[in-house]
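Structure first, then comments.
The values are calculated or read from the model by the stated rules, or taken from the named source; none is laboratory data. Source: prediction; values computed, not measured. Using ideal geometry, Cβ is built from the backbone for each residue, glycine included, and neighbour counts are taken over all protein chains shown.
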Amino acid sequence: MTGPRVSQQTATPHDSLPEPRKDLSATEYAELGIAAARQMTVLLTGVVEGLDDIAMRRPSLLPGWTRAHVVTHLARNADALVNLLTWARTGVEHPMYTSRADRDADIEEGAHRMTSLLREDLTAAVERFFEAVTHMDDISWGKPVVLATGRQIPACTVPWMRWQETAVHMVDLDAGIGFGDLPDGHVERLLDLVVGEFAKRPDVPPVRLRVDLADGRQRDWELAAAKDSPDVGGPAPTVLAWLIGRGDGTGLAGDLPSLPAWL
């Protein structure tokens, strides 16, 4: 497999988050995201518990980051999202991070701790996140908050941010869990997000994706649609891994165009 087309500094792109569904209230949409995030957290906890001190220091799929860096990032991300929930609930501005430099320094420093402390930190941060969601109400879930990128989103999207971070970075740990191991439906949701983000960008070549889903359905997506878009087809986990730079596309049918990094 070729190296990922993503740097450890960008993590996952929150500009790919979907708009809340119009057929659901803010609370209902948030609750779906909370349930999805809990599913991913159960898987993540099992993976991290299985890493010993040697395994924790080995490289992740993100260039320059060990698995310990990824685990630390997932802990700090949970705390950053608590800040956004606090902002929505209280009306007092709580940015995700004090600065990008502080965020990066916290991850670098935390990554060098003992494995037992890394596990405890992640567990505590996750518990703080899921505790924070219990204090939200209908009004709070509908309040706007601002991401580190400057994008404004409704707070009901925050649980979906946690779901996305956990799902993608759990695979980045390169510790036995791939996209094909995610529960049914999660890979399709991630494909929706990635295609939606790519569709906004001028540097993405035209391509039609013909994707085989785990439940037997086939679904098509288009990146930068054009009259003669080439077809690329295959299993959903393999397509997703290729799109976001966690796989080289081996096993996919068609002529694979060169894609930009998933930023």
Residue satisfying all of: in the stretch 76-113; assigned to a helix (DSSP H, G or I) and polar (S, T, N, Q); surrounded by the most Cβ atoms within 10 Å (Cβ to Cβ) among these | Asn77
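Report yes if Arg208 is surrounded by 15 or more Cβ atoms within 10 Å (Cβ to Cβ), basic (Lys, Arg), closer than 25 Å to Met170 by Cβ and at pLDDT below 95, otherwise no. I'd like the intermediate steps shown before the answer.
Working: surrounded by 15 or more Cβ atoms within 10 Å (Cβ to Cβ): yes; basic (Lys, Arg): yes; closer than 25 Å to Met170 by Cβ: no; at pLDDT below 95: yes.
No, not satisfied.
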Failed condition for Thr72, given (1) within 16 Å of the chain's Cα centre (by Cα); (2) in contact (Cβ under 8 Å) with a residue 60 or more places away in the chain = (2)
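Okay, residues lined up against (1) within 20 Å of Trp141 (Cβ to Cβ); (2) at pLDDT below 95:
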| site | (1), (2) |
| --- | --- |
| Ile54 | no, no |
| Ser60 | no, no |
| Thr66 | no, no |
| Leu74 | no, no |
| Leu84 | yes, no |
| Trp87 | yes, no |
| Tyr97 | no, yes |
| Arg100 | no, yes |
| Ala105 | no, yes |
What number goes with the only condition from (1) part of a loop (DSSP other than H, G, I, E, B); (2) surrounded by 11 or more Cβ atoms within 10 Å (Cβ to Cβ) that Gly150 does not pass?
-> (2)
Just wondering, is there one or more residues in the stretch 124-142 that are under 23 Å from Tyr29 (Cβ atoms), in the same structural domain as Leu74 (by TED's automatic domain parsing), among the hydroxyl-bearing types (Ser, Thr, Tyr) and modelled with pLDDT under 95?
-> no
Selection count, the stretch 215-241, where residues are under 14 Å from Glu188 (Cα atoms) and surrounded by 16 or more Cβ atoms within 10 Å (Cβ to Cβ) | 9
Sole exception among (1) charged (D, E, K, R); (2) touching a Gly at 6+ places or on another chain (Cβ under 6 Å); (3) crowded, with 21+ Cβ neighbours inside 10 Å for Glu165, by number = (2)
May I ask you to list the residues in the stretch 19-41 that are among the hydroxyl-bearing types (Ser, Thr, Tyr) and either within 16 Å of the chain's Cα centre (by Cα) or not assigned by TED's automatic domain parsing to the domain that holds Asp138 (or both)?
-> Thr41
Looking only at the stretch 114-143, and only at residues there that are outside any helix (DSSP H, G or I) and in contact (Cβ under 8 Å) with a residue 12 or more places away in the chain, the one that is nearest to Arg76 (Cα to Cα) = Met114
